[in-house]
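Novice: I have a structure here, written as structure tokens, and I will follow up with some questions on it.
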Amino acid sequence: MHRRDFLQLSSLGFLGLYSCGSINFKNRKNTLGIQLYTVRDAISENPEKTLERLAGSGFTELEIYGYNGSFFRKTKNEFQAILKNTGLKVISSHHTTGILHAEKGTLLNRWEQSVDDLHAIGAKYMVCSYLFPEERTDDNYRKLPELLNRSGEITEQAGIRMAYHNHDFEFEKFDETKNIYDFILENSSSDLVKMELDLYWISKAGLDPLIYFEKYPKRFPLWHVKDMKAGTKDFSEIGNGTIDFERIFEAKEKAGLEHWFLEQDSSDRDIFESIAISRKYISENGFFLK
């Protein structure tokens, strides 16, 4: 290990995961996931080093983003080699619809190839991650459940499940009786389309996750776990904000939780320092999944 990396890891409390100059990736009892968008700047600069650093800090599972026929500028085989070397597993992958941005890897552009490549690296879920502002029309909302169903039919053939990830705009009224999120839940197949619930965004919208767990049990196998500052409602390290995670995690069986991912979209600290703060809180409060 380089001296600079040694000092950085030591200052963030990661050093105990190193032994004889190499990372001990294998002997970990708990699962801990992270959405790689959290470290997007580091990933853009050096994917291998970033994934090694995350593995060294105790992460075991990944949710990736940005697949466009390659994985962070790596071929499928190159990316698989990095995963093998670090012991990390890709659980889930984020994809946009392609309604207006018809890039590779979107639901409407070469979806079958995307499914094949994600299957090859062992992904269990593929997630519709975001509707761009210009895509948020009544017409597109009405068509979205069927698009998710069709996408889920294709993923199912590869043993992958489809899911939808929310922000806060989905909790705006769509018609006189329901919001966009409920419309998606009620008009998509509960077998083909699961939900990845972002605890920050639903909380920012002023809704209670437990109400959704009761109304749509077992529909929420994936969560994004991130906190919200008091007052400003900006992103915060887990445990430094206002969200009652203990209460939410107590309802994980009703939700159908299988995997959750730490995410922090932005920080006023170095992002790896923020990750270390969240990691410490997770450990102290036993929010790991076995």
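Novice: Find all pairs meeting these conditions: Cβ atoms under 9 angstrom apart; at least six residues apart or on different chains; first residue within the stretch 181-202 and farther than 16 Å from F213 by Cα; second residue among the basic types (K, R).
Specialist: Listed pairs, sorted by first residue: N187/R142; L192/R150; L192/R161.
Novice: Related question: Among the numbered conditions (1) surrounded by 16 or more Cβ atoms within 10 Å (Cβ to Cβ); (2) among the charged types (D, E, K, R); (3) in contact (Cβ under 8 Å) with a residue 24 or more places away in the chain, tell me where K233 comes up short.
Specialist: (1)
Novice: Continuing with this model, one more query. For S151, are the conditions met, namely being touching a helix residue (DSSP H, G or I) at 6+ places or on another chain (Cβ under 7 Å), at pLDDT 95 or above, assigned to a strand (DSSP E or B) and buried (at least 18 other Cβ atoms within 10 Å of the Cβ)?
Specialist: So S151 fails the test.
Novice: When the stretch 30-46 is examined, which residues are found to be buried (at least 20 other Cβ atoms within 10 Å of the Cβ) and either more than 19 Å from the chain's Cα centre (by Cα) or without any contact (Cβ under 8 Å) to a residue 40 or more places away in the chain (or both)?
Specialist: Passing the criteria: L36, I43.
Novice: Another question, if that's okay. Name the residue that is nearest to the chain's Cα centre (by Cα), counting only residues in the stretch 175-197 that are of a type in the set (S, T, Y) and modelled with pLDDT of 95 or more.
Specialist: Result: Y181.
Novice: Under 8 Å between Cβ atoms, at least 6 apart or on separate chains: pull out the pairs that start in the stretch 95-109 with a residue that is closer than 16 Å to Y125 by Cβ and modelled with pLDDT under 95 and end on any residue that is among the small types (G, A, S) and in a loop (DSSP other than H, G, I, E, B).
Specialist: none
Novice: Let me ask you something else. Any chance you could count how many residues in the stretch 131-163 are in contact with a strand residue (DSSP E or B) (Cβ under 7 Å, 6 or more places away or on another chain) and either among the basic types (K, R) or more than 17 Å from V90 (Cα to Cα) (or both)?
Specialist: Looking only at that region, the number is 5.
Novice: Any chance the stretch 89-98 includes a residue that's assigned to a loop (DSSP other than H, G, I, E, B) and closer than 20 Å to F261 by Cβ?
Specialist: Within the stretch 89-98, one or more residues are assigned to a loop (DSSP other than H, G, I, E, B) and closer than 20 Å to F261 by Cβ.
Novice: Please go through the stretch 33-52 and give me each residue that is in contact with a helix residue (DSSP H, G or I) (Cβ under 7 Å, 6 or more places away or on another chain) and not acidic (D, E), ordered by number.
Specialist: I34, L36, T38, V39, A42, I43, P47, T50, L51
Novice: Give the stretch 111-140 a look and list any residue that's more than 22 Å from the chain's Cα centre (by Cα) and not β-branched (V, I, T), or say none.
Specialist: Within the stretch 111-140, E134, D138, D139, N140 qualify.
Novice: Can you tell which of V127, V115 is more than 22 Å from I43 (Cα to Cα) and either of a type outside the set (D, E, K, R) or surrounded by fewer than 18 Cβ atoms within 10 Å (Cβ to Cβ) (or both)?
Specialist: Answer to the check: V115.
Novice: Something else about it: Please work out which residue is surrounded by the most Cβ atoms within 10 Å (Cβ to Cβ), limiting yourself to the stretch 167-190 and to residues that are outside any loop (DSSP other than H, G, I, E, B) and of a type in the set (F, W, Y).
Specialist: Once the filter is applied, the top-ranked residue is Y181.
Novice: Could you check how many residues of the stretch 245-287 are crowded, with 21+ Cβ neighbours inside 10 Å and in contact with a Pro (Cβ under 8 Å, 6 or more places away or on another chain)?
Specialist: 2
Novice: Separate question: Could you look through the stretch 100-144, keep only residues that are polar (S, T, N, Q) and assigned to a helix (DSSP H, G or I), and pick out the one that is nearest to L36 (Cα to Cα)?
Specialist: Within the stretch 100-144, the match that is nearest to L36 (Cα to Cα) is S114.
Novice: Right, next: Return the pairs, sorted by first residue and then second, in which the second residue is surrounded by fewer than 18 Cβ atoms within 10 Å (Cβ to Cβ) and of a type in the set (G, A, S), the first residue lies in the stretch 134-152 and is closer than 25 Å to K124 by Cα, the beta carbons are less than 7 Å apart, and the residues are 6+ apart or on different chains.
Specialist: N149/S189; G152/S189
Novice: I would also like to ask the following. What about E52, is it surrounded by fewer than 22 Cβ atoms within 10 Å (Cβ to Cβ), more than 19 Å from the chain's Cα centre (by Cα) and modelled with pLDDT of 95 or more?
Specialist: So E52 fails the test.
The values are calculated or read from the model by the stated rules, or taken from the named source; none is laboratory data. As the structure is a prediction and not an experimental result, all values here were calculated from the model. Here the Cβ is made from the backbone with ideal geometry for all residues, glycine too, and neighbour counts use every protein chain on show.
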